[in-house]
Each structure stands twice: as structure tokens, then as C-alpha cells.
1. Scanning for something out of contact with any helix residue (DSSP H, G or I) (no Cβ under 7 Å at 6 or more places or on another chain) and at positive phi, does the stretch 62-73 turn up at least one residue?
2. Please count how many residues of the stretch 66-107 are free of Cβ contacts under 8 Å to residues at least 40 places away in the same chain and under 10 Å from the mean Cα position of the chain (by Cα).
3. Considering only residues that are over 17 Å from Pro23 (Cα atoms) and either crowded, with 17+ Cβ neighbours inside 10 Å or of a type in the set (A, V, I, L, M, F, W, C) (or both), which ones fall in the stretch 94-107?
Amino acid sequence: MMPGFLAQQAATVLCGHGGRAAPVTAYRRVTCGGQPLVMLSTPYTIAGCPFPTASGGPCASGTWTAGSTRVRVMGGQPLVLQGGSGVCAPTGVPLTVTCSQVRVRGL
């Protein structure tokens, strides 16, 4: 995994079709730019995915599969990184952090 900026609650996260994803919760004990960070285990809800129902869409939720390996919180939990790997359900397209804070990097 390459280093990437840590994703905070206000980061812009999109499904592969352009739907906006938001974390269900955030880790409020650690903030970056005044926004709580997001743990890898946190599920995301997706709104506004334009993928048609007849084709297996729209994207409804997303989970991260790869994130920080060295930066951890709350008993060793990894964090979401810009450039990390995520997948949307039910379509299987990537979940991507497109805009995040640019001060703190993680590995």
C-alpha cells in the first residue's frame, strides 16, 4: 500500500458511477482539520448513484478493503486513506476518495 492522505468524515467519496458516499460513523477521538477520521471497518451509504436498477444498480453501500497499515486507532484499527481500496454493493464497482484533507498522510 502506498502512502495517502487520511480520509476524514467530510472527504468526498464517490462510487464508480458518481454517487456520493458518506460514512455511517466516524472516529471522533482523532480529528484532522476539525473533522473526525474514518476507520476502515466503517460502512458507507451511497446516495445519488445513477446506475439503472435493470442493470444491477444503483450502488447502495460501500466498504473498504485496504487502508492504513501503520497508522491505527482504537486498539489497532486501520484508517481509510485516499488511494485505498473499496468496493460498492451490489454492483462491485470501486469506492474512491476523490477529495480529502491534504495535511496528514498515512501508510
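1. The answer is no, given that none of the residues of the stretch 62-73 is out of contact with any helix residue (DSSP H, G or I) (no Cβ under 7 Å at 6 or more places or on another chain) and at positive phi.
2. The number of residues fulfilling the criteria is 2.
3. Those that are over 17 Å from Pro23 (Cα atoms) and either crowded, with 17+ Cβ neighbours inside 10 Å or of a type in the set (A, V, I, L, M, F, W, C) (or both): Val102, Val104, Gly106, Leu107.
To keep it simple, each residue is scored yes or no on (1) over 14 Å from Thr12 (Cα atoms); (2) modelled with pLDDT under 95.
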| residue | (1), (2) |
| --- | --- |
| Arg28 | yes, yes |
| Pro50 | yes, no |
| Gly62 | no, no |
| Gly75 | yes, yes |
| Thr98 | no, no |
| Arg105 | yes, yes |
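The values are calculated or read from the model by the stated rules, or taken from the named source; none is laboratory data. Not measured: the values here are computed from a predicted model. Using ideal geometry, Cβ is built from the backbone for each residue, glycine included, and neighbour counts are taken over all protein chains shown.
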